[in-house]
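I am attaching a structure below and will ask some questions about it afterwards.
Only the coordinates and a few stated rules stand behind these numbers; no lab work does. The model shown is predicted, which means the values in this text are computed figures rather than measured ones. Using ideal geometry, Cβ is built from the backbone for each residue, glycine included, and neighbour counts are taken over all protein chains shown.
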Amino acid sequence: MIATGANCRMKTCIGPVQPPHLVDPYSMSNLVSKYLHWSPSPYIADMFEDQISLLRERLYNPVRNWGMKQTLKQADVVIAVNDATASLLEEMVDAATIETAHYGVDASRFTPGDPAEAYDFVAIGSLIPRKGFATLLRAWPSVSETHPDSRLHILGDGPLRPQLMEMARDRGVAESVNIHGFVPRTKLTDLLASCRAFVHPTLSEGFPHVRLEAMASGVPVIGTDILGAREMVRDGQEGIIVEVGAADQLSAAMTHLLEHPKTARKMGERARTRAVSKYDWGHFGSKIGRIYDGLLGN
């Protein structure tokens, strides 16, 4: 978010600073089919992915960054919604103009449970390749084998739902995996409050609000090491951070929390405290108000 004040007038420009999301061959095929009415073969889709990555690196990102710098030069104040974005902005603008107002969550909408008394895991997101649910299902069989009473709940819908259900059947874990589709908010909050941990295996993300919702629910977060969330969940404190695409690390993290319920409880308590103390919407609103008041006052 970029705010510019001049003569008691204020303009705002809201836009992403982080690099664009990964675009997998499946999503690329859907995009081409939608707009060109042609369904490319997997080989062609892979080729598109390679070429687009090259174009992004050589052309799109340099042009995008140049345009961003020109815009930022006109700003009196540049507002970053997290520390990672602030670091990226420092490469484009004077650090003295940057203010960080952490994006938030309404913690009052979530009632903490007791992870130590739960055995299930919850994952939430659109069922598309970028969200990493295939990696999660590769990780799940070893967890289910050693802890047969545990269940995996996947909340969300999307084009990969049939493939993910087939994947669960092929791996012999269909009975312990429940792909709910879209659910009402009340069911989502109930499931979060009654799980051992929230699992977020995403391959690429901006600033995942869903992790904040899990933290506000008082449960540990098992998440991939993505740029937009490194400051949110600290490894070993509010949860466990794993490498992107590492199914073995996901299964090890879930197994560890199942075998150490007191650790899960402590992580959940710290997660709730961090969500309330650092990421509550009230803090965000107050910080934005002070910044705007300062601009208008000048």
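Apply the a/c threshold of 1.5 to the C-alpha gyration tensor of the range 100-217 and tell me whether it is rounded, prolate or oblate. Intermediate values should be presented prior to the final figure.
On the way: a/c = 1.93, a/b = 1.34, b/c = 1.45.
Judged from the Cα gyration tensor, the range 100-217 comes out oblate (a/c at least 1.5, b/c at or above a/b).
Something else about it: Give me the distance between the Cα centres of the range 108-184 and the range 201-239, rounded to whole Å.
17
While we're looking at this one, here's another question. Apply the Karplus curve 6.51 cos²θ - 1.76 cosθ + 1.60, θ = phi - 60°, to the phi angles in the range 158-169 and return the couplings in whole Hz, x for Gly and Pro.
3J(HN,Hα) across the range 158-169, in whole Hz: x, x, 8, 4, x, 5, 5, 5, 5, 4, 5, 5.
Counting only C-alpha contacts under 8 Å and six or more residues apart, can you give the relative contact order of the range 107-278 as a whole percent? Could the numbers behind the result be given before it?
On the way: 350 pairs, mean separation 49.9, N = 172.
Reported relative contact order: 29 percent.
How would you classify the range 164-298 from its alpha-carbon gyration tensor, with a ≥ b ≥ c the square roots of the eigenvalues: rounded for a/c under 1.5, else prolate if a/b is greater than b/c, otherwise oblate? Walk me through the numbers on the way to the answer.
Working: a/c = 2.04, a/b = 1.89, b/c = 1.08.
Because a/c hits 1.5 or more and a/b exceeds b/c, the range 164-298 counts as prolate.
Once amide H atoms are placed 1.01 Å from N in the peptide plane, what residues at a sequence separation of 5 or more from ILE98, or on another chain, have their amide H within under 5 Å of its amide H?
VAL78
Would you mind working out the magnitude of the charge dipole of the range 107-278 relative to its Cα centre, with +1 at each Lys and Arg C-beta and -1 at each Asp and Glu C-beta, to the nearest 20 Debye? Intermediate values should be presented prior to the final figure.
On the way: 21 positive and 20 negative charges, 105 e Å.
In debye, rounded to 20, the range 107-278 gives about 500.
Next question. Mind sorting MET165, MET254 by how few other Cβ atoms lie within 10 Å of their own Cβ, fewest first? Can you show the working numbers first?
Numbers: MET165 16, MET254 26.
Placing the least packed residue first, the sequence is MET165, MET254.
I want the antiparallel fraction of DSSP beta bridges within the range 107-278, as a percent rounded to 5. Please list the in-between numbers first.
Values: 1 of 19 bridges.
For the range 107-278, the DSSP antiparallel bridge percentage is about 5.
Tell me, what HN-Hα J-couplings in whole Hz come from the Karplus equation 6.51 cos²θ - 1.76 cosθ + 1.60 at θ = phi - 60° for each residue of the range 98-110, using x for Gly and Pro?
8, 10, 9, 10, 5, 4, x, 9, 7, 4, 5, 7, 10
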